[in-house]
Amino acid sequence: MSLLGKAAFAVAALGLTAGSVFGAGAAKADGLYAAFAVSDAEWVYGVGVNEASYADAEAVALDRCGVSDCQVMLSWANGCGVLVESEDGIAVASRPTRAEAEQAAYEKLSEITPTARLANFGSSNFSGAETVRVVCTANAG
């Protein structure tokens, strides 16, 4: 599946962005931070990881995204973030571990692509969904 031409991307991103940040879990004051920035026009993304603050992680992600309309879609601390896609759109989520983050991302994606839940059970070929990127801070659980 191509990252280009996601017709429902803007709608999906708007619907999922607000809920995605709140799944980040408790942050430690001396933690490591990460972020995904995404462009809805070009459908490119950038990642910042193992940064000293949310602001630093977001700035790096925006810079690496490299397109003027990039926006931070998810920031988290001390854990893993996952970006998943289907033909209908994308979703992001973060949790303390990779497995928990992937499960949460597919749950969010299932709001617009109901078969996305199948990807959690090894049926990604039938789900129409796939993991695009997994990013974990160095101190993830």
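The values are calculated or read from the model by the stated rules, or taken from the named source; none is laboratory data. Computed from a predicted structure; not experimentally measured. Reconstructed Cβ throughout: ideal geometry from the backbone, glycine too, with neighbour counts over all protein chains shown.
Here is how the numbers come out for the structure above:
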item	result
Tally of residues being over 15 Å from Ile90 (Cβ atoms), not in a loop (DSSP other than H, G, I, E, B) and not acidic (Asp, Glu) across region 43-57	6
Among the residues listed as Val60, Val72, Val47, the single one being modelled with pLDDT of 95 or more, more than 13 Å from the chain's Cα centre (by Cα) and β-branched (Val, Ile, Thr)	Val60
Restricting region 36-55 to residues that are aromatic (Phe, Trp, Tyr) and closer than 10 Å to Val67 by Cα, the residue that is surrounded by the fewest Cβ atoms within 10 Å (Cβ to Cβ)	Trp43
Scan of region 113-141 for residues that are at pLDDT 85 or above and either assigned to a loop (DSSP other than H, G, I, E, B) or at positive phi (or both), ordered by number	Thr137, Ala138, Asn139, Ala140
Residues that are under 13 Å from Val135 (Cβ atoms), out of contact with any Cys (no Cβ under 7 Å at 6 or more places or on another chain) and among the hydrophobic types (A, V, I, L, M, F, W, C), drawn from region 50-82	Ala57, Val60, Ala61, Met73, Leu74, Trp76, Ala77, Val82
Residues within region 21-40 that are touching a Phe, Trp or Tyr at 6+ places or on another chain (Cβ under 9 Å), small (Gly, Ala, Ser) and modelled with pLDDT of 50 or more, tallied	4
Hits in region 58-100 - residues which are charged (D, E, K, R) and either outside any loop (DSSP other than H, G, I, E, B) or in contact (Cβ under 8 Å) with a residue 60 or more places away in the chain (or both)	Glu58, Asp63, Arg64, Glu85, Glu87, Asp88, Arg95, Arg98, Glu100
Filter result (touching an Asp or Glu at 6+ places or on another chain (Cβ under 8 Å) and of a type in the set (Val, Ile, Thr)) within region 37-61	Val60
Qualifying residues in region 95-111 (those that are at pLDDT 95 or above and either among the β-branched types (Val, Ile, Thr) or in contact with an Asp or Glu (Cβ under 9 Å, 6 or more places away or on another chain) (or both)) - the one farthest from Phe36 (Cα to Cα)	Thr97
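Residues checked against (1) over 20 Å from Ala140 (Cβ atoms); (2) of a type in the set (S, T, N, Q):
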position	(1), (2)
Ala52	no, no
Ser68	yes, yes
Cys80	no, no
Ile90	yes, no
Glu102	no, no
Tyr106	no, no
Thr113	yes, yes
